[in-house]
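Just so you know, all these numbers are worked out from the coordinates, no wet-lab data involved. Keep in mind that this is a model prediction, so the values were computed, not measured. Neighbour counts are summed over all protein chains in view; Cβ atoms, including those assigned to glycine, are modelled from backbone coordinates with ideal geometry.
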Amino acid sequence: MERISSHQFTLLGSAVLMGTTFLPIASMVTGVAGRDSWLSVLPGFALGIPYGLMVLALMEQYPQKNLLQITEILWGKWISKIIGILYVLIMIYFGGLLLGQLGDMYESSIMPRTPIEMFYLGGLLLVLYLVKSGIEVFARFSEVLFPLIVFALVLNIGLSIPRVEQGELMPLLSQGMIPIFWGGTKIGPFVMEYILFLAGVLPFLSTNKGELLHLKRGLWKTIFLVGILNTLVVLIQISVFGPSETVNLVYGLLVLGKMVEVSKTIAGVESLFLGVWFAALVIKISAFFFAVIWGLKSIFNAKGFMCNLVVGIIFMGIALKFQKGPALKIEIGFVDNYLIFPFASVWVLTLWGMSYWKKKAGVS
Amino acid sequence: MNTKLKRSYKIAPVLLCISLLFISGCWGKREVENLAPLIGIGFDLGEKPGTYLVTQQYARPKKGGSSGAEILQRTLGAEASSVREAFETVSKGAYRTPFMGSLKVIVIGEDFAKAGGFNDVLDFAQRFAEFRRSMYLVLARGRAEDILNLKLRSEHLSAIYINYIIEGGNELSTFPTVRLGHYLTVLGRQSTAPILPVVKSIKPGEGINYKAEKSGEAEELQIQGAGVLRGDRLVDFLNDDETKGYMWLENEVFNRFINTVDLEETTVKFSGQVLKSKTKYKLHTNNESKELYYQIKTSIAIDEIIGLNKQLSGTEWVKLAKEAEESFAKVIEKECEGAIKKQRELGQDFLGIGRHIEQRDPQYWKTIKDQWEEEIANFPVSLDVKVTVHHTGMSSSSATNSGGEGQD
């Protein structure tokens with residue numbers, strides 16, 4: 001069986017958690033938390049630590065099993081099948097929507113005349129190739145590209161500093177802590193997307209004692225790295241656009257990229273950033289594709305090329321259904337807030353709670 | 001070679017061919033020589049109600065120019081009820097496709113600004129992905145069309161010339177630099193009234209003397225003063241001194257030339273340049289009432305002294321430098337007070353005082369923000385200007401004749 005190292009786990013996890021969260025995050029949290037929204041990003045991502053630790057604790061207790069298989073052990077065949085079907089449906093639907101986002105991002109920003117289907121197809125072919133190559137290749141792909149994604153983000157943020165408006169971040173905490181809390185709740189779904197991927201990737205992780213410690217450390221690193229980067233993303237957007245404009249912008253970071261000028265000579269670097277973000281989206285879509293494949297294998301023992309092809313066609317169909325940008329944005333928000341977040345948070349918590357109770361009570 | 005590898009070798013060329021489809025050039029490719037780079041765009045009121053005149057200034061590389069940077073202008077206008085429609089009309093008569101990514105300046109005509117509603121035309125600039133928010137916004141004294149059609153003696157395109165003046169603005173710090181992004185940010189602040197620099201054409205003798213090729217026609221441009229907006233409607237202009245006052249209070253002065261020639265109470269006049277400047281503000285509480293207190297600290301180098309008719313000793317130089325500091329401080333105070341007075345007269349918070357109060361005391365701001373427009377006229381503001389004369393130039397004395405040779 002394929003295995004990924006703790007280092008690969010950290011980078012792959014970071015890439016999956018990051019995805020393209022940096023594109024909508026500022027608009028989403030600022031819409032709720034206003035000027036102080038940047039303060040709510042890291043605490044929001046921190047929700048991933050207890051949930052991630054719960055998943056790793058379950059893995060320690062039930063080695064080589066994914067969360068669906070653990071569900072079957074703890075709750076029986078039929079409940080696990082229902083949860084498994086829900087898991088697959090959510091992941092397949094959201095994966096398709098993300099594929100749609102890939103097309104929307106390119107079409108609305110730099111390549112309006114290229115048929116949107118070409119972006120879908122291009123992204124999907126890459127995803128299918130990664131899925132066929134296996135988790136190890138996917139992890140290596142992320143290892144190579146995630147540092148590039150981070151570099152492009154930091155560069156975009158750094159080069160935007162000359163555009164900062166005086167005093168846009170002040171006053172701090174003028175509305176108190178409550179808006180920050182609500183801002184944090186907007187981050188929850190991003191974390192749960194990662195947790196759902198984690199639920200499927202467990203059998204590919206090593207479970208010996210030393211390695212488990214590294215995995216836990218990797219989890220902390222993932223959460224903090226992505227949390228801090230996204231905090232900076234929100235911070236720079238509020239500093240440059242002010243809270244009101246930050247909420248209005250669909251892809252604020254892209255607008256920042258378009259404002260970058262180096263020595264009044266170099267401009268138009270946003271296309272380079274977009275190239276890197278393509279990789280970020282491919283990683284995220286691949287993660288959901290993998291999760292669907294793992295889910296199908298656990299529930300129906302379905303696997304192989306035909307299975308991948310069918311899932312790919314469904315991804316494509318969903319993306320094609322949501323070609324209109326605003327409708328796509330609303331649908332992503334709906335699935336995030338009302339499907340992924342409640343499903344993952346309740347499932348993992350209750351599963352871990354039951355396992356913990358059984359362990360304490362000594363029930364086998 | 002195993003079968004799997006053989007199959008991969010067969011599939012790879014097919015995949016490579018398919019991947020050619022994804023090269024963006026296959027769809028919507030645009031050759032650079034077929035693009036018309038838009039440099040400036042102007043908006044004026046149209047003759048028909050509900051329309052505006054959109055003047056578009058394109059750059060056209062000069063064939064056979066001595067350097068690659070030589071460009072000719074192609075300025076076209078169309079009256080339309082939307083910006084897109086105006087571009088469509090102009091495109092019908094042009095063989096190249098307009099490219100908006102190169103836009104440097106948006107010029108808003110005076111009548112159009114006074115009529116209001118230019119946020120509608122700016123919507124296109126902020127929505128259409130080709131535009132960049134780093135472009136500059138300026139108000140025109142008169143019509144934007146006239147400014148963009150101006151044939152400058154320097155042979156620059158008007159839009160590029162305006163862009164040069166603005167980008168050199170830090171050397172002068174006499175007018176605000178407003179990019180589209182900054183304007184939209186200020187709109188979002190709600191309590192602050194946006195402000196835009198004013199560009200005007202200059203005929204010979206209107207402040208600048210030069211010999212025009214065609215008598216009586218303007219062939220030079222100048223940015224001076226600013227326009228204050230309420231929403232997206234121009235309510236009034238600030239004169240040069242009031243705009244300079246705004247620049248001090250907004251901490252926007254980087255370098256500046258400054259002189260005390262207009263000060264009546266001194267006989268010796270000074271000119272100098274600001275080396276650095278910092279404006280801070282605090283919100284003071286006096287007997288339950290609040291006051292915004294500005295503190296301006298400026299370092300100036302004296303470049304010119306007028307009216308000094310005798311050689312000075314070392315201690316007299318020190319005394320004179322002190323006198324210069326006081327004179328410069330008075331000039332700065334006068335400029336700032338002019339801006340504050342104008343703000344009170346207009347009842348428009350272009351100085352962003354409301355925003356400063358919000359930053360310093362958000363709780364107090366919550367109590368006054370709803371009636372802020374009425375409060376502006378009476379809200380107490382005080383100033384403290386501290387000038388340090390950094391040095392007095394390369395000479396320790398002025399040019400004076402020896403005693404009895406023409407001296408009083």
Semi-axis lengths, Å, region B:241-408, gyration tensor of Cα atoms, sqrt of 5 times eigenvalues: 40, 14, 12
Cα-projected label distance for B:Glu79 with A:Arg3, points at 7 Å along beta-carbon direction, nm: 8.0 nm
Theoretical FRET efficiency, 1/(1+(r/R0)^6), r = Cβ-Cβ of A:Tyr356 and B:Lys278, R0 60 Å, to 0.05: 0.50
Cross-link pairs B:Lys297/B:Lys369; B:Lys319/B:Lys386; A:Lys209/A:Lys358; B:Lys151/B:Lys214; B:Lys278/B:Lys366 - those with Cα-Cα distance over 18 Å: B:Lys297/B:Lys369; A:Lys209/A:Lys358; B:Lys278/B:Lys366
Spin-label zone in region B:329-355 - amide nitrogen under 15 Å from a point set 7 Å from the Cα of B:Arg233 along the C-beta vector: B:347-348
Backbone HN-Hα couplings from phi across region A:299-304 [Karplus 6.51/-1.76/1.60, Hz, Gly and Pro as x]: 7, 10, 6, 7, 7, x
Using alpha-carbon coordinates, inclination of helix B:240-249 to the longest axis of chain B, degrees: 90 degrees
Cross-link partners of B:Lys269 among aspartates and glutamates (Cα-Cα below 19 Å; sequence separation of 8 or more within a chain): B:Asp241, B:Asp303, B:Glu304, B:Glu316, B:Glu323, B:Glu325, B:Glu326, B:Glu333, B:Glu335, B:Asp408
Label point distance in nm, B:Ala94-B:Asp120, each placed 7 Å from Cα along Cα→Cβ: 2.3 nm
Counting DSSP beta bridges with both ends in region B:241-408, the antiparallel % (nearest 5): 70 percent
Neighbourhood charge, 10 Å Cβ-Cβ cut-off, centred on B:Thr177 and excluding it, Lys, Arg +1 and Asp, Glu -1: -1
Angle between chain A longest axis and helix A:77-109 axis [Cα atoms, degrees, rounded to 10]: 20 degrees
Fully extended contour minus Cα-Cα distance, from B:Ala301 to B:Lys386, at 0.36 nm per residue: 29.2 nm
Angstrom value of the Kirkwood radius, inverse mean 1/r, which spans all Cα pairs in chain A: 20.9 Å
Label-point separation in nm, A:Trp220 to A:Met306, each point 7 Å along Cα→Cβ: 4.9 nm
Exposure proxy ranking, count of Cβ atoms within 10 Å, fewest first, for A:Ile90, B:Ile306: B:Ile306, A:Ile90
Computed FRET value (nearest 0.05) for B:Glu291 with A:Ser271, which takes r as the C-beta separation and R₀ as 60 Å: 0.75
Rounded Å value of the spacing that divides the Cα centres of region A:1-33 and region A:335-364: 22 Å
Region B:219-260 and region A:176-240: distance between their alpha carbon centers, rounded to Å: 48 Å
Karplus 3J(HN,Hα) series, Hz, for region B:174-185 with 6.51 cos²θ - 1.76 cosθ + 1.60 (x for Gly, Pro): 10, 9, x, 9, 10, 8, 4, x, 5, 4, 5, 5
Cα centroid separation, region A:70-117 to region B:330-388 (Å): 53 Å
Interchain or long-range residues, amide H under 5 Å from B:Phe257's placed H: B:Val274
Cα long-axis angle, helix B:118-127 against chain B (0 to 90 degrees, to the nearest 10): 50 degrees
Anchor A:Lys329: lysines whose Cα lies under 23 Å away (excluding residues fewer than 8 positions away in-chain): A:Lys186, A:Lys258, A:Lys284, A:Lys321
Sequence-distant aspartates and glutamates (8 or more away, or on other chains) whose Cα lies within less than 15 Å of B:Lys104: A:Glu261, B:Glu130, B:Glu167
